[in-house]
Amino acid sequence: MRMSLRHIAGVLGLTESIGADGLSITGVGIDSRDIRPGDLFFCLPGERSDGHQHAAQAVDNGAVAVMATRDVPELNGRVPVLMLREGMTAQAALGEVASAWREEFTGRVVGVTGSAGKTTVKEMVARVCSRGGTTCRNRLNWNNQIGLPLSLLSCSGEEDFWIMEAGISRPGDMDDLGAILRPDLAVLLNVGPAHLAELGGVPGVAAAKARLAAYLSPEGRALVNRDCPDLWRESEAVTDRIHGFSTRDPDAEFWCGDPFRIDSDRMGLELRLQGRGLSLSWPTERTPVAQNVLATAAAATLLGIDPAAIQEGLSVDLALPGRFNVERRGDWFLVDDTYNANPLSMRLALSRARALTEGHRLVCVLGDMLELGASAKAEHHDLGRTLAGVCSEVYYHGAHGADVRAGLAAEQASTRFTECESPQHFLEAWRKSALAGKSIDEADRGESGGVILFKGSRAGKMETYLEALRTEPSA
């Protein structure tokens with residue numbers, strides 16, 4: 001970014017002289033340790049620390065101005081201080097500055113939201129768009145009322161595309177983010193039971209997500225999943241500039257079928273983009289979610305990206321930490337999908353993992369799905385019923401183990417179920433039931449190989465269970 005401090009003051013309605021004519025701001029920061037020369041430091045309050053306490057360190061590290069809500073006497077006039085007017089929070093000010101920076105951008109802005117896969121799709125869209133121009137995107141999941149403004153303000157403004165995801169957990173969150181982002185293309189990927197404690201049932205989630213389409217730029221359009229009726233209905237309620245994609249309806253504007261096996265090592269996918277066909281393929285263990293591929297290809301088409309560039313961009317492997325990364329260990333696939341979990345993302349992960357098994361067994365090492373409110377018990381019971389049809393063994397860590405077990409029992413499943421208190425407990429149970437003392441590398445697929453899926457909400461730290469198995473010493 002590059003904005004004058006005087007312009008920033010005007011955006012925030014600060015009329016007092018700041019004594020810094022001509023001072024240019026080239027970045028913003030909220031962590032004094034990450035400040036770079038030319039930055040404006042925002043003094044944000046935090047759970048463990050107040051930014052005002054670190055303003056002096058920020059200046060030491062190169063901040064040329066400070067945004068504050070109270071006096072910072074230790075600065076002693078070293079740099080200009082923008083004192084926010086009463087009633088305005090530092091977070092709100094950050095959003096206002098980001099909104100002003102968005103207003104100056106002449107390229108195209110893409111906003112991505114959904115209950116499952118939005119970070120992956122954001123990365124995929126950015127990768128494809130990079131074949132047609134320069135891009136800027138938010139880092140991983142910097143997608144809330146702090147992360148999104150920081151992401152926009154990290155862009156130079158000279159790019160052709162800004163690709164940003166928007167994540168919400170409460171009513172009104174999307175209004176805050178949409179007002180800042182004002183996308184030229186809003187991608188509404190899907191909805192499922194996520195953040196139910198605040199948003200209510202799936203219809204409430206759909207209504208909240210669809211608010212992004214209410215903040216389209218004057219020529220903006222929305223790309224919406226037709227396979228989510230609630231999301232489609234709520235999107236139509238806020239805009240008529242809407243395009244649909246579907247993995248179920250062959251008559252949709254953008255459509256793809258199910259992945260299919262090309263040979264023992266590769267999977268394929270056929271897409272139809274506004275009547276034009278596109279064929280893609282990947283190594284079996286790297287085959288992405290069809291819905292994510294279709295949404296990305298549809299978005300790129302609407303942005304005018306050349307079909308050859310779309311094919312090239314989607315054919316390159318995309319590996320994001322904790323998001324269905326597949327590792328071969330002997331004749332096993334270890335699947336790291338530990339970043340987070342909700343009912344929709346759990347179903348998608350199970351479907352992908354099952355496709356990898358090729359008739360061998362699927363073992364699931366799972367943790368609780370959090371933030372489901374009053375629906376938590378029922379959703380975990382439903383998870384158990386789903387597991388009954390796909391998993392030969394389930395290792396479970398979390399408070400809802402009994403609910404998952406009850407779901408398995410309701411289906412009269414023969415699935416072996418083990419509750420685990422710790423990674424070590426899991427490893428001990430795994431050795432006894434599956435590998436009989438052998439390491440993961442020593443087991444052969446004919447005896448006990450297959451796919452092991454690790455997934456759960458962030459608080460469960462299911463990556464520690466994966467690491468325990470990955471580093472298991474040979475017996």
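Quickly estimate the mean residue ellipticity at 222 nm for the chain, helices only: each DSSP H run with n ≥ 4 gives -39500 (n - 2.57), and the total goes over all residues, rounded to 500.
It comes out at -9500 deg cm²/dmol, rounded to the nearest 500.
What do you get for GluC sites (Glu not before Pro) in the stretch 306-384 restricted to DSSP loop and a cutoff of at most 14 other Cβ within 10 Å of the site's Cβ?
Numbers: sites: GLU312, GLU327, GLU358, GLU371, GLU379; in loops: GLU358, GLU371.
In loop regions of the stretch 306-384 (DSSP not H, G, I, E or B), the sparsely surrounded GluC sites (Glu not before Pro) are GLU358.
Under the definition of Cα pairs under 8 Å and six or more residues apart, what whole-number percent is the relative contact order of the stretch 105-315?
20
Order by neighbour count: ARG36, ARG226, fewest other Cβ atoms within 10 Å first, most last.
Ascending number of Cβ neighbours within 10 Å: ARG36, ARG226.
Can you tell me the dipole magnitude for the chain around its Cα centre, using point charges on the Cβ only (Lys, Arg +1; Asp, Glu -1), in Debye to the nearest 20?
About 400 debye.
Of the GluC sites (Glu not before Pro) in the stretch 191-294, which ones lie in a loop per DSSP and count no more than 15 other C-beta atoms within 10 Å? Could the numbers behind the result be given before it?
Details: sites: GLU198, GLU219, GLU234, GLU236, GLU253, GLU270, GLU285; in loops: GLU219, GLU253.
Those satisfying the criteria are GLU219.
So who's got an amide H within less than 5 Å of the one on ASP331, skipping anything under 5 residues away but keeping other chains? H placed 1.01 Å off N, in plane.
Those lying under 5 Å, H to H, from ASP331 are ARG445.
Taking a ≥ b ≥ c as the square roots of the Cα gyration tensor eigenvalues, with a/c under 1.5 meaning rounded and otherwise prolate when a/b beats b/c, else oblate, which class fits the chain?
prolate
Using label points projected 7 Å from each Cα along Cα→Cβ, tell me how many nm separate GLU358 and ARG233, to one decimal.
4.4
Residue by residue, what Karplus-based ³J(HN,Hα) values in Hz, rounded to whole numbers, does the stretch 400-414 have, using 6.51, -1.76 and 1.60 with θ = phi - 60° and x for Gly and Pro?
9, x, 5, 5, 5, 4, 5, x, 4, 5, 4, 8, 6, 7, 8
Arrange the following residues from fewest to most other Cβ atoms within 10 Å of their Cβ: ARG416, ARG137.
Ordered by Cβ neighbours within 10 Å, fewest first: ARG416, ARG137.
Taking the chain as the reference, fit the longest principal axis to its C-alpha atoms, fit the long axis of helix 118-129 to the helix C-alpha atoms, and give the angle between the two in degrees, 0 to 90, nearest 10.
70
Exposure proxy check: TYR395, TYR215 ranked by fewest other beta carbons within 10 Å?
So the residues, fewest neighbours to most, are TYR215, TYR395.
Compute the long axis of helix 290-302 from its Cα atoms, compare it with the longest principal axis of the Cα atoms of the chain, and write down the angle in degrees, 0 to 90, nearest 10.
40
May I ask you to derive the relative contact order of the chain, considering only C-alpha pairs under 8 Å and at least 6 residues apart, and to give it as an integer percent?
10
Would you grab the residues whose amide H sits under 5 Å from the one on MET267? Only those 5+ places off in sequence or on another chain, please, with H modelled 1.01 Å from N.
ILE262, TRP282, THR284
Just want the answer: with Cβ charges of +1 for Lys and Arg and -1 for Asp and Glu, which residue in VAL66, GLY27, PHE41 is farthest toward the dipole's positive end in the stretch 3-87?
After comparing all options, I get GLY27.
Under a Cβ-only charge scheme (Lys and Arg +1, Asp and Glu -1), can you give me the dipole magnitude of the stretch 190-337 about the Cα centre, in debye to the nearest 20? Numbers along the way, then the final one.
Numbers: 15 positive and 22 negative charges, 35 e Å.
In total the dipole reaches around 160 debye.
LYS455: which aspartates and glutamates have alpha carbons under 13 Å from its alpha carbon, excluding same-chain residues fewer than 8 sequence positions away?
Cross-link targets: ASP336, ASP337, ASP368, GLU463, GLU467.
Note down the relative contact order for the stretch 54-168 as a percent, whole number, built from C-alpha pairs under 8 angstrom at least six residues apart.
26
Please list the non-local residues whose amide H lies under 5 Å from the amide H of ILE25, H modeled 1.01 Å from N, same-chain partners needing a gap of 5 or more.
MET3, SER4, LEU5
Applying the Karplus parametrisation 6.51 cos²θ - 1.76 cosθ + 1.60 with θ = phi - 60° to the phi angles of the stretch 181-193, what ³J(HN,Hα) value in whole Hz is obtained for each residue in order, glycine and proline being reported as x?
6, 6, x, 7, 9, 9, 9, 9, 6, 5, 9, x, x
Residue by residue, what Karplus-based ³J(HN,Hα) values in Hz, rounded to whole numbers, does the stretch 74-84 have, using 6.51, -1.76 and 1.60 with θ = phi - 60° and x for Gly and Pro?
5, 6, 6, x, 5, 9, x, 10, 8, 8, 5
FYI, it's all coordinate maths here, none of it is from the lab. Everything quoted here is computed from the prediction, not taken from an experiment. Positions of Cβ are generated from backbone atoms using ideal geometry, with glycine treated the same way; all protein chains shown enter the neighbour counts.
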